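The block underneath contains the structure these notes are about, expressed in structure tokens.
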Amino acid sequence: VGSSRLRFILSRLAQNLVVLVVVAAIIFFGFRLIPGDPTAAFVDPLADLETKQMIKARFGLDQPLWLQFSTYMRNAVAGDFGISFATKLPVYMEIGPRFVNTLMLVLPVMVISYGLGSLVGFVFGYVRGGWDLYGSAFFLVLRSTPPFWVGLLLLTLFGYQLNWLPIAGMRSDLASDDGFLATFFSLDFARHAILPVMAGSIYFIGLPLLVARSAILQVMEEDFIDMARAKGVPELMILWRHAARNALLPVVTQTSLFFGWAMGGLVTIEYVFSWPGLGRLLVMATSRSDYPVAMGALLLLSLLIMTINLFTDFLYASLDPRIA
Amino acid sequence: MRRVVSLVGSLIAIVLTLLVVGDPAPAIAQDRAVPEITIIGPSQAWNREHYEGLQLLIAKMEEVGLKANYVATPNWPAFVKRAGSAPWGWGIAAANYVGRAQRLDPYEFLVTPFTETYIGDGGTNFGAYRNPRFQELAEKQHRTLDREARRRLVFEAQKILADDLAFMSVFHRRSVHVYNQQNWDNVTLSIGGNAFGTTRNFASATPKGAERVIKVGEVIQPKPLNPFNIPSSHEYLNLRLVYDTLADLNAAGVPEPWLAKSWTAVDDTTIDVTLREAKWHDGKPVTADDVAFSFAMYEKYPAAFVKAGVTPVASVTATARHAVRFKLKKPFAPLVHYTFTMVPIVPQHVWDGVIEREGLKRHPDEWLRPNLTGSGPFKVVKVVPDEGYVYTANRDHFLMPPKAEGLVYKGFANFEARFLALASGQLDFHTFYPLSPEQEKEARTNQRLKLVHDPEVGMSWIVFNMRDDSPFRDYAFRKAVSHLIDRRKITQDFAWGLADPGCSVIAPVNKEWLNPAVNCPEYNAGAAKQVLAEAGYKWDSKGRLLFPAAYKPVIYPTRKH
């Protein structure tokens, strides 16, 4: 590793650290600006002022803001993100399981939309014109359809009218939470996951498909494709071995962006299908002024997105030394 | 240029003169127009019918020369922050109180929103209402143990409140609830907003066929269960399946003995309670010590939904194996309705010394996986945060062993999915939240669902700001605006007929405590103008309302004695 590359890596890390602190500050003070009373999360709205005061004191909410912030940051550096106002659970215990639940939803959506989507995109791009136009238009329409509407439609059809699939949640009798494998690799879980994964994939498949399509269109213009044709390489071989491989790069870039975004962005899907995920936790915590949980979840998401970006940066730097 | 300077100069001089010479009393200058009125109310998403009714009120106010602007708040905490703290610049505040069975007792609705203790930042006496006579009655009624005497006081207090036009109920919803009648029999809906969400209902529901586990769902995010941490009425309901209380409200909202066999008042502040023979889920007997211990714990570690019940109690002591004596700080009339039905009895052998044993910092609510041994009709099998709870029936319950084998309580994220699950038979019951009018229509044609109506104990209301600089300090002004509330249109058109007009802070369904003599000004725009004219208000050439010439607000109506 050359010293210039090392310097690049270190400077990117330092930049990200600064960004993280700024993000934490924005999140912290942002939540204090939202109207709402955090004591409402754990006392009766009609409770007397003395009780409310007592609870504020217990959670340090009666301290000046800057002091609250410095305490929060000090604890956060030590890995302590506080406890939820509502449940009194440590924040990591609130966020951890939801993170896994969302991940188990995001991964299949990613595989389907990016795997299947890019395959279809390559074929569309290769065919170009004719039915490719109708196909692309169709997926563009899917991309523009609000996912909660598609979700409700799926629920009404498969859950209510046909009554084939469960309408809400992640498991039917809640009895299978005896460990990771038993929970996520069961028929029951699969039955619950079908509709949300479908709704998510229908929405997300459009983007990789169109990216893959335009990428392959570009590659097909290249000289080496003509060269391959001139050599007499069969068309299928040209598509898969020569064109698709080269067109894959922009799709991979997209995938990394998708992942960071989808962890928090699947909230509408989680809402429609009552999925106990991170996005829903974030929304609920925000609406009931449960600051520690909401801040913890947002910080985690920012950290995730920053890490992925950082990773992509490093990858690019090693692929293309000009960047470093 | 010089003309402009001299003009500005003389204007400044005039303003300064006015400021110095002006009357120091808060009297409002002659011919001054009534300023624009701020209404703080619910957003459309929070309470659509109320929101629409208030928009209608704004239109009607315009007809009598009043301008109003609307500030929408998304939920109760936001509303309290805006209407319940300085500066108190608003004229009308509008929101709603959720009905709860405990609130069938007039204590909470009469005291917290209207007595002087609750005036101030974060307090719930939003309009700063302070009528000494009302204050006296409100205090006295909940110290009066004799039910008949108490009723007379409550009646009078209600009447004063309504006559003073400080507060007004606009409408009470008639909630629609459904359950799966193909699977379940012996279903009881309780009034007071608990609907199907009662221990009583789930214990008595009888399976009709092969389906023997009750499937309950509600739009909530289920939290971990801990009897010393009760974030909402949903967790409270679930805790009540597991823990018994001394008394329980029946379907009509009347307290009946439960863990207590009977109670007798020795004097105004001493009550003796005899307990039934009961067992904890682990087989140990429930004793008087457990009851005394529970009250001591809740006194030390107050929890929402329980605190109001514990506060009036000075001490609880075991006097025999199955007898306890309550000493009260002051006479407290709602003791049975409130305290006895509210406070869960927890096992001493589980919770005694929990802080040290479990290594907690300061409060038993920090026990992350608490031992949930209770004595109630259901035993906890599993608590899955964010998803729900699983129970089995406690066949050995002393009073109401469940007819079902168990119960699964699931959290839903939205009302559409909850309804689809009910309609398709994936759910048997919902608990508190009613169906929407659209869903009600759907449900009428669904063979599986049985429809039940539940008139609300809570209400959507408005209060007037009675502080010094508010035009609503003047009784005539309040009366005129009260004449502009079209309750018929709100209940029939905006609420699709699924609401009843309100007036008193006691709901019509609460027959025992509602004073039938209470009435509110009828909707009548002509009468509104007449009231204003009689009080000396005038209108300028543009139709704007002006304060009377020598404006001096009359705060309360003249009473006949």
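Read-outs: derived from the displayed coordinates by stated rules, not from any lab. Only a predicted model underlies this, so the values are computations on that prediction, with no experimental measurement involved. As a convention, Cβ positions derive from the backbone with ideal geometry for all residues, glycine included, and neighbour counts pool all protein chains shown.
Among B:459, B:449, B:470, pick out the residue whose Cα is farthest towards the positive end of the charge dipole of the range B:385-471, where Lys and Arg carry +1 and Asp and Glu carry -1 on C-beta, about the Cα centre. Going by the charge dipole, the pick is B:449. Placing +1 on each Lys and Arg Cβ and -1 on each Asp and Glu Cβ, with no other charges, gives the range B:122-246 a dipole about its Cα centre of roughly 100 debye. Compute the Cα gyration tensor for the range A:119-221, then decide on rounded, prolate or oblate, letting a ≥ b ≥ c be the square roots of its eigenvalues: rounded whenever a/c is under 1.5, prolate when a/b is larger than b/c in the other cases, and oblate in all that remain. Prolate, since a/c reaches 1.5 and a/b exceeds b/c. For the pair the range A:93-111 / the range B:339-409, the C-alpha centres are spaced 30 Å from each other. Sorting the Cα pairs of the range B:39-122 by distance into bins of 10 Å, from 0 upward, gives 16, 41, 35, 8, 0 percent per bin.
Would you mind finding the longest exposed-site-free stretch of chain A, with exposed GluC sites (Glu not before Pro) meaning DSSP loop and at most 14 other Cβ atoms within 10 Å? After excluding every exposed loop site, the longest remaining stretch is A:1-220. Is the range B:140-289 rounded, prolate or oblate when judged by the Cα gyration tensor, a ≥ b ≥ c being the square roots of its eigenvalues, rounded requiring a/c under 1.5 and prolate requiring a/b larger than b/c? It is oblate, given that a/c is not under 1.5 and a/b is not larger than b/c.
Model label points for residue A:32 and residue B:467, set 7 angstrom from Cα along the Cα-to-Cβ axis, are 2.4 nm apart. For trypsin sites (Lys or Arg not before Pro), the sites in the range B:334-384 that DSSP calls loop and that have at most 14 other Cβ atoms within 10 Å are B:361, B:362. Please tell me the relative contact order of the range A:222-324 in percent, rounded to the nearest whole number, where contacts are Cα pairs under 8 Å and at least six residues apart. Computed value for the range A:222-324: 21 percent relative contact order. Shielding by partners for peptide A:75-87, expressed as the average number of C-beta atoms from other protein chains within 10 Å of each residue's C-beta, is 2.
From its DSSP helices (H runs of at least four residues, each -39,500 (n - 2.57)), chain A gives a residue-normalised ellipticity at 222 nm of -22000 deg cm²/dmol. With a cut-off of 14 Å between beta carbons, the residues surrounding residue B:341 carry a summed charge of -1, where Lys and Arg count +1 and Asp and Glu -1.
Exposed loop sites here mean chymotrypsin sites (Phe, Trp or Tyr not before Pro) with a DSSP loop assignment and at most 13 other beta-carbon atoms within 10 Å; chain A contains its longest site-free run at A:1-163.
Under the simplified labelling scheme, the residue B:541-residue A:69 pair shows an inter-label distance of 5.5 nm, with each label point 7 Å from Cα along Cα→Cβ.
Over all other residues within a Cβ to Cβ distance under 15 Å of residue A:235, the charged ones net out to +3, with Lys and Arg as +1 and Asp and Glu as -1. What does the charge count around residue B:187 come to, taking other residues whose C-beta lies under 12 Å from its C-beta (Lys +1, Arg +1, Asp -1, Glu -1)? Every neighbour counted, the sum reads +2. Take every Cα pair under 8 Å whose residues are at least 6 apart in sequence, average their separation, divide by the length of chain B, and the relative contact order is 24 percent. Dipole magnitude for chain B: about 500 debye, using +1 per Lys or Arg Cβ and -1 per Asp or Glu Cβ, origin at the Cα centre.
Mind checking which of B:525, B:425, B:41 is farthest towards the positive end of the protein assembly as shown's charge dipole, using Cβ charges of +1 (Lys, Arg) and -1 (Asp, Glu) about the Cα centre? Of the candidates, B:525 comes out farthest on the positive side. Annotation note: trypsin sites (Lys or Arg not before Pro) in the range B:155-215 located in DSSP loop regions with a Cβ neighbour count of at most 15 within 10 Å are B:208, B:212.
Counting Cβ atoms of other protein chains within 10 Å of each Cβ in B:226-234 and taking the mean gives 3.
Cα-based values for chain B, radius of gyration first and Dmax second, are 27.1, 98 Å. Within chain B, the selection of entire DSSP H helices by a Cα span of 15 Å or greater along the long axis and an average Kyte-Doolittle value of at least -1.0 returns B:2-21, B:48-63, B:147-164, B:288-300. Relative contact order of chain A: 28 percent, from C-alpha pairs under 8 Å at least 6 residues apart in sequence. With a ≥ b ≥ c taken as the square roots of the eigenvalues of the C-alpha gyration tensor of the protein assembly as shown, please select rounded if a/c is under 1.5 and otherwise prolate if a/b is larger than b/c or oblate if it is not? Since a/c reaches 1.5 but b/c is at least a/b, the shape of the protein assembly as shown is classed as oblate.
Counting, for every residue in A:127-139, the Cβ atoms of other protein chains within 10 Å of its Cβ and taking the mean gives 0.
The label-point distance for residue B:371 and residue B:284, in a model that sets each label 7 Å from Cα toward Cβ, rounds to 0.6 nm. Springs between Cα atoms under 10 Å define the GNM used for chain A, and in it the highest mean-square fluctuation of A:166, A:276, A:234 occurs at A:234.
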